[in-house]
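Structure first, commentary second.
The values are calculated or read from the model by the stated rules, or taken from the named source; none is laboratory data. The structure displayed is predicted, hence computed values, not measured ones. Every residue, glycine among them, receives a Cβ derived from its backbone with ideal geometry; neighbour counts consider all protein chains shown.
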Amino acid sequence: MSERNLAEIDLHNLHVLDPLIGKCQQLVREVAIPYQWEVLNDRNPEAIPSHAVENFRIAAGDARGEFHGTVFQDSDVAKWLEAVAWSLCQAPNPELEKAADELIELIATAQCGDGYLNTYFILNAPRERWSNLAECHELYCAGHLIEAGVAFFQATGKRRLLEVGCRLADHVYTVFGPERDQLHGYDGHPEIELALARLYEVTHEQRYLTLANFFVEKRGSEPHFYDIEYEKRRQSCATESGGLPWMLKNKAYSQAHLPLSKQRTATGHAVRFVYLMTGVAHLARLRQNDQQRQTCLRLWQNMVRRQIYITGAIGSQSAGEAFSCDYDLPNDTAYAESCASIGLMMFARRMLEMELDGQYADVMERALYNTVLGSIAFDGRHYFYVNPLEMHPKTLRSNGIYNHVSPVRRPWFGCACCPPNIARLFASIGHYIYTLRADALYVNLYVGNRVEMSVGGAKLRLLMNGNYPWKDEVEIAVESALPISHTLALRLPQWCSAPAASLNGERINCEPRNGYLHIHRTWRQGDRVKLLLPMKVRRVYGHPQVRNLAGKVAIERGPLVYCLEEVDNGTELHNVWLHADSQFSLVDGTGLFKGKILLEADGVRLQHTQSEEAALYHYDKVPGQLEPQRLTFIPWFSWANRGEGEMRIWINER
């Protein structure tokens, strides 16, 4: 795809009106962003102290004290600023914008004369800059700051943070590169790659694209840069002694074990993987590089065919927050980090821009409506870092294998990468709904909205609504004042077996091309396209090699995965079975679930009276009897909003 054939939707001209995603975006704008600002400034007694803004104050000379937090604490501030930028496109907020402007000035003051900016090293180890890329996240933090600068410029027209980002990128350009006096390395946590590609699109400065490509192509080459820099540290610093740290031994953890062109499986830290591949996919399009394109295709297919949860989550093990191996997808010990599903959406978006195929939007939708939507509580102030598919709270308290799992969302984290990431995703959701090309507008997500975009010098205005995903009909109305000849390409979701479409009441052929229904015509004000996507309740079964799913079934309706929760169905959900022939009833939710669709079906429960004194094992006879029970299924994204309790997606089928 040619770079010039793709345009980005201006979020000033897109307003989300959707009852579900729109409400969540409003929640982020009105509750989560102000709440996170208080936490970042250590003004919320419920949350773990952040000190993130205070670190910048100290680095700028406005306060005295010591650095506090993780080595990548700066990135929380940058992601929050990006969320603010996109939220200002939706609703002007002078008070919030003023707070952001003041924070940006603080960041600019903290920046060193040569463009370097990282409060950990400025305050703790100014002579150790760029000496431990494998572990210290300097380029990762730089990338998030650059992304925030790009977003703030695009959202507000203000260049101050963009200029800070450019100065930082220019400094990085002098430090890293192929020349003899430059560092030939790359960050342990990818992020700078995708940020530089975004910076290039805004500034058109070729050096940023060149630098992004350098980082991608250098990763995994021999001799390994991490080994070289570790040896330098060991020789110059007495504290570096003993054997090679595990993060350096296990180079697959940071996708640095082989050059990307030779990698065959999604591996290592899941967030790092999708951030890296987001950058590679963007570069592949911008540079028209087929080798990078093939790398993206190969690793995408391994991930989505063998290493992804039904919820659109990735990263199955807590050790290293990482992928495990093909078909290893445990439910109760799943890591499934919120940031990983957000990164998956980012990767899918860039894949769509590279080559428009509905399979990428299908995965993007699955991640959005399940893990990403479920990562924030209905109150906007509590978050999941880890997203298990099965929960037994009693066991968590006594078995260390579950130390990473929480039965309820938390107000904050010591490593707080997820909350501001969640905020910036929902604030920028308009970038995921459409992919705009010169020859067509591709509709990826059926999130209700009103949008205006330039098409061949004219203005195309659309209104999309339909109460998706609860209702199965979506309508797109043309509101343009003048006729416009263009193509609308509507995604036909993989989960829908019998889609139907009409134009101004006339049925049209619903034959897909690469997962999209293409409708070309001269559009006039008042034209209406209706898309019917029957949302049959589906039973889902796992691949035979996924041992955790043997004998179990999951329930989906449309893009939503459903689950059983203790508050509706009682305890011991492992002793519940769903009949193989049970019919499902759709139930309108009430109270906390108002506006949502629940499901009910007949099942059975093993009723028993086994006391703690009873034998642990029984022979030749089941210790109890099966009794009928009406089962209630809720959308999985909404679990744990009613307190702590058991939950499971995959249930026994009888």
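Just a few scattered comments:
- Selection status of residue 113, surrounded by fewer than 16 Cβ atoms within 10 Å (Cβ to Cβ) and either at positive phi or touching a strand residue (DSSP E or B) at 6+ places or on another chain (Cβ under 8 Å) (or both): no
- Pick from the range 290-320, criterion touching a Leu at 6+ places or on another chain (Cβ under 8 Å) and among the polar types (S, T, N, Q), ranking: farthest from residue 260 (Cα to Cα): 311
- Qualifying residue in the range 54-62 (condition: under 30 Å from residue 351 (Cβ atoms), part of a loop (DSSP other than H, G, I, E, B) and at pLDDT 95 or above): no
- Taken over the range 615-642, the criterion of being under 23 Å from residue 396 (Cβ atoms) and loosely packed, with under 11 Cβ neighbours inside 10 Å is satisfied by 616 alone.
- Hits in the range 262-320 - residues which are of a type in the set (Gly, Ala, Ser), touching a residue at least 24 places away in the same chain (Cβ under 8 Å) and not in a helix (DSSP H, G or I): 266, 268, 312, 313, 315, 318
- Exactly one residue among 67, 72 is within 19 Å of residue 342 (Cβ to Cβ), in contact with a helix residue (DSSP H, G or I) (Cβ under 8 Å, 6 or more places away or on another chain), assigned by TED's automatic domain parsing to the domain that holds residue 425 and in a loop (DSSP other than H, G, I, E, B), and that residue is 72.
- Scanning the range 500-526 for residues that are without any contact (Cβ under 8 Å) to a residue 60 or more places away in the chain and among the hydrophobic types (A, V, I, L, M, F, W, C) returns 500, 501, 503, 508, 510, 517, 519.
- Look at the range 391-410: where a residue is at pLDDT 95 or above and a partner is small (Gly, Ala, Ser) and part of a loop (DSSP other than H, G, I, E, B), sitting 6+ places away or on another chain with Cβ atoms under 6 Å, you get 404/318; 408/640; 409/377.
- Of all residues in the range 353-379, those being surrounded by 21 or more Cβ atoms within 10 Å (Cβ to Cβ) and in a loop (DSSP other than H, G, I, E, B) number 2.
- Scanning the range 6-62 for residues that are touching a residue at least 40 places away in the same chain (Cβ under 8 Å) and within 19 Å of residue 451 (Cβ to Cβ) yields a count of 20.
- Of 361, 334, all but one fail to be in contact (Cβ under 8 Å) with a residue 12 or more places away in the chain, more than 30 Å from residue 77 (Cβ to Cβ) and small (Gly, Ala, Ser); the exception is 361.
- The test for being without any contact (Cβ under 8 Å) to a residue 24 or more places away in the chain, part of a strand (DSSP E or B) and loosely packed, with under 11 Cβ neighbours inside 10 Å does not hold for residue 612.
- Here residue 129 does not fit the description of being at pLDDT 95 or above, among the basic types (Lys, Arg), assigned by TED's automatic domain parsing to the domain that holds residue 247 and closer than 24 Å to residue 425 by Cα.
- Within the range 115-140, residues that are within 14 Å of residue 74 (Cα to Cα) have Cβ atoms under 6 Å from residues that are among the polar types (S, T, N, Q) in these pairs: 117/111; 119/55; 138/118, counting only partners at least 6 apart in sequence or on another chain.
- Residue satisfying condition, being surrounded by fewer than 21 Cβ atoms within 10 Å (Cβ to Cβ), touching a Ser or Thr at 6+ places or on another chain (Cβ under 7 Å) and closer than 22 Å to residue 636 by Cβ, within set 402, 385: 402
- Against the list (1) part of a loop (DSSP other than H, G, I, E, B); (2) surrounded by 22 or more Cβ atoms within 10 Å (Cβ to Cβ), the condition residue 178 fails is (2).
Condition check ((1) among the aliphatic types (A, V, I, L, M); (2) surrounded by 24 or more Cβ atoms within 10 Å (Cβ to Cβ); (3) free of Cβ contacts under 8 Å to residues at least 60 places away in the same chain) across all residues:
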{"residue": "415", "(1), (2), (3)": "no, no, no"}
{"residue": "419", "(1), (2), (3)": "no, yes, no"}
{"residue": "423", "(1), (2), (3)": "yes, yes, no"}
{"residue": "448", "(1), (2), (3)": "no, no, no"}
{"residue": "452", "(1), (2), (3)": "no, no, no"}
{"residue": "455", "(1), (2), (3)": "yes, no, yes"}
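- Of all residues in the range 492-515, those satisfying the criterion of being touching an Asp or Glu at 6+ places or on another chain (Cβ under 8 Å) and among the polar types (S, T, N, Q) are 494, 504, 514.
- Applying the set (1) of a type outside the set (A, V, I, L, M, F, W, C); (2) under 18 Å from residue 494 (Cα atoms); (3) crowded, with 22+ Cβ neighbours inside 10 Å; (4) out of contact with any helix residue (DSSP H, G or I) (no Cβ under 6 Å at 6 or more places or on another chain) to residue 301 leaves exactly one unmet item: (3).
- Checked against (1) under 26 Å from residue 339 (Cα atoms); (2) part of a helix (DSSP H, G or I); (3) without any contact (Cβ under 8 Å) to a residue 60 or more places away in the chain; (4) not hydrophobic (A, V, I, L, M, F, W, C), residue 185 meets all criteria but (2).
- Restricted to the range 613-644, and to residues there that are of a type outside the set (A, V, I, L, M, F, W, C) and on the phi > 0 side of the Ramachandran plot, the residue that is modelled with the highest pLDDT is 643.
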